[in-house]
Structure formats: C-alpha cells, structure tokens
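Structure record follows, encoded as structure tokens.
The values are calculated or read from the model by the stated rules, or taken from the named source; none is laboratory data. Small disclaimer: the values here were computed from a predicted structure and weren't measured. No Cβ is skipped: glycine too gets one built from the backbone with ideal geometry, and neighbour counts run over all protein chains shown.
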Amino acid sequence: MTSPERLKGIDAFVTAADCGSFTAAAARLKITNSAVGKAIARLEMRLGVRLFTRTTRTLSLTDAGATYYRTCSRILADLESAEATMAAEGLEPVGRLRIDVPASYGRLHVLPILLEFAAAYPGLRPHVSFSDHFVDLVEDEIDIVVRIGGPDVWPAALGHYHLGSETAIFCASPTYLSRAGSVHTVADLEDHDKVIYKKGDGAPSFWLFQDAPGAPSVRRVVDGRIALGDAASKVAAVVAGCGIAQLPTWLVQNELLSGTLVQVLPEHSATGLPFRLIWQKNKESFPKVMMLTEALKKLSSAFLPRSLD
C-alpha cells in the first residue's frame with residue numbers, strides 16, 4: 001500500500017468523529033454527505049475494521065475507531081502545525097499547542113507567562129489543562145508539561161529542564177499565634193492545631209524536616225485537625241486561623257509579603273520536590289515549542305530567595 005493510499009479518508013474520519021455526524025462533517029469539509037460516507041466506508045474496508053457504530057440518531061466510535069482516531073488526530077495536528085510553520089516561514093509560533101501544568105502552581109506562576117506569550121503571538125492556539133497526576137506526553141498528545149517531582153532520569157524522547165526545588169516552610173496567621181501561643185521548637189508543634197494536605201486515597205500525610213541548611217530533608221507522618229486535598233484551600237484555612245501548616249513558598253509569597261501569614265521555625269525550612277519543564281524532542285524545532293520552553297524557563301525565578309522586608 002502506498003503512502004497516499006494511507007492518507008485517503010483520514011480527514012473525513014477525524015472530522016466525522018469530532019462533529020458526531022456525517023452531515024456536520026460534510027458541512028465543515030465543504031463536500032457532500034455522500035462523499036463523507038463513501039470515504040469512511042473505503043477506509044473501513046481498507047483497514048478491515050468498523051470505525052463507527054451508526055444508528056438513525058447517533059454516530060459513535062468503536063473501540064478500534066477510538067484507537068485509530070487518537071493516532072489520526074495527532075497526525076493531522078502535526079501536519080497542521082508543519083503547514084502553519086511553513087506559512088509563517090518558521091519565524092513565529094503558530095498553530096495548536098497542548099500544555100499541561102500543575103493545578104495551583106500552574107494558575108499562580110505558569111498561566112501569566114502563557115497568557116503573555118499567547119497575546120504576543122495571535123497565530124498560536126494554546127490548549128492548557130491543569131492536573132497534578134502523571135501524564136504521558138506522546139499518548140496524551142501533549143507538547144509541553146510542567147511537573148512537580150518525578151524521576152531523575154527521563155526517556156530519550158523527552159527534553160527536560162530543572163526549574164528549581166520548592167522550599168517548604170511552617171507558617172500560621174498572626175491571629176492564630178496570638179491565640180494559641182508562639183512556636184519556638186519543633187516539639188512545640190505537638191501542642192498546636194495543624195492543617196495538612198491529604199488525598200482521598202487514605203495515604204498518610206507528611207511534613208518535611210530539615211535540621212540544618214544543606215542537610216537532607218526527612219519526612220515524618222503528621223496528623224492534623226483539618227485535612228484538605230487542595231492547596232489553595234489549605235492556604236485559606238491557615239489564613240483563617242485554623243492552625244499551622246507546612247506550605248511551599250511559591251504558594252504563599254503574597255500572604256507572607258502582606259503579613260496575613262508569618263513564618264515560624266524558619267531554621268527548619270526544608271527543600272522539597274523538584275520542578276521540571278518537559279517537552280517532546282521531536283517537536284522542539286517547532287517555533288511554538290522552542291520559544292515557549294525558553295519563555296517558561298523564567299519560572300526558575302520563583303525558586304530564588306525573596307526578601308520579605
């Protein structure tokens with residue numbers, strides 16, 4: 001089978017899957033309904049599988065069709081990007097760009113850079129998702145991700161850049177400390193209410209303890225009066241005077257600067273998880289990927305020491 005044969009019908013198939021009907025696909029492609037149906041029928045015959053389950057009211061992908069759709073949509077997206085790059089003579093970012101970032105960190109630190117970048121290049125069509133779970137860049141069709149934690153060694157197909165490591169500090173609101181008393185030693189924490197991060201899977205919660213700068217951080221299981229599974233909610237609870245929490249400085253910079261939160265036990269600040277920028281190497285020559293990864297390297301500044309004076 002020749003390469004041109006392999007491409008026949010793919011655009012009709014992907015468009016029909018996206019639109020949910022042959023009629024809508026025909027309108028988008030500016031061809032007849034019959035032409036869409038014949039193109040997909042020939043494609044199914046060539047592949048030897050049914051791609052759609054059809055009824056008088058609905059059109060849905062079969063399991064084989066869903067698998068084929070993921071591959072075909074990725075191929076067409078790459079072709080679109082390549083054509084857009086050629087049209088722009090490779091000078092500026094254009095086309096669709098998939099980005100995935102951590103939820104809280106992404107909204108606070110990554111999104112402002114992405115919005116500035118998108119405003120500078122109107123031909124770019126960014127699609128940004130916010131998640132804290134593992135993603136497979138190739139399987140999930142993602143061009144660039146920012147991740148907290150992860151392995152030290154990455155697959156050869158992926159490029160990566162170390163942005164920095166978070167600093168975890170103990171903090172509380174002034175109103176809570178005036179009511180519950182000051183904290184002078186780690187042992188004093190036992191007598192205070194604690195606000196902890198806890199997932200819904202029943203796993204224990206940890207705080208990091210570092211006895212001296214440069215010393216390794218040690219994880220210790222802690223129990224709290226309030227357990228929350230969302231970082232922003234955790235900050236809100238501490239600001240409201242519900243107790244002491246260990247929080248990363250990137251999350252509470254504004255609260256520390258405004259005085260709504262104060263740091264306690266500063267000598268026990270601990271080095272936390274690393275932050276990394278990761279991208280698909282086979283796309284790094286695209287201006288949109290190359291230039292955005294360079295722009296996102298500015299995130300490193302969030303991990304530099306910042307004066308609270």
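Could you tell me whether Ala240 is modelled with pLDDT of 90 or more and surrounded by fewer than 16 Cβ atoms within 10 Å (Cβ to Cβ)? In short, yes.
Remark: pairs (first residue in the stretch 133-144, assigned by TED's automatic domain parsing to the domain that holds His160; second residue among the aromatic types (Phe, Trp, Tyr) and surrounded by 14 or more Cβ atoms within 10 Å (Cβ to Cβ); Cβ separation under 6 Å; 6+ apart in sequence or on different chains) = Ile144/Trp279. Within the stretch 93-113, restricting attention to residues that are in contact (Cβ under 8 Å) with a residue 60 or more places away in the chain and hydrophobic (A, V, I, L, M, F, W, C), the residue that is farthest from Thr249 (Cα to Cα) is Val94. For the stretch 257-268, state whether one or more residues are more than 26 Å from Gly181 (Cα to Cα) and either without any contact (Cβ under 8 Å) to a residue 24 or more places away in the chain or in contact with an Asp or Glu (Cβ under 9 Å, 6 or more places away or on another chain) (or both). For the stretch 257-268, residues more than 26 Å from Gly181 (Cα to Cα) and either without any contact (Cβ under 8 Å) to a residue 24 or more places away in the chain or in contact with an Asp or Glu (Cβ under 9 Å, 6 or more places away or on another chain) (or both): absent. Only one of (1) within 25 Å of Phe286 (Cα to Cα); (2) modelled with pLDDT of 85 or more is not met by Ser3, so which one is it? If we test Ser3 against (1) within 25 Å of Phe286 (Cα to Cα); (2) modelled with pLDDT of 85 or more, just (2) comes out false. Among the residues of the stretch 86-93, not a single one is out of contact with any Leu (no Cβ under 7 Å at 6 or more places or on another chain), exposed (fewer than 14 other Cβ atoms within 10 Å of the Cβ) and modelled with pLDDT of 80 or more.
From the list Val252, Val289, the one residue that fits, being within 26 Å of Asp140 (Cα to Cα) and under 25 Å from the mean Cα position of the chain (by Cα), is Val289.
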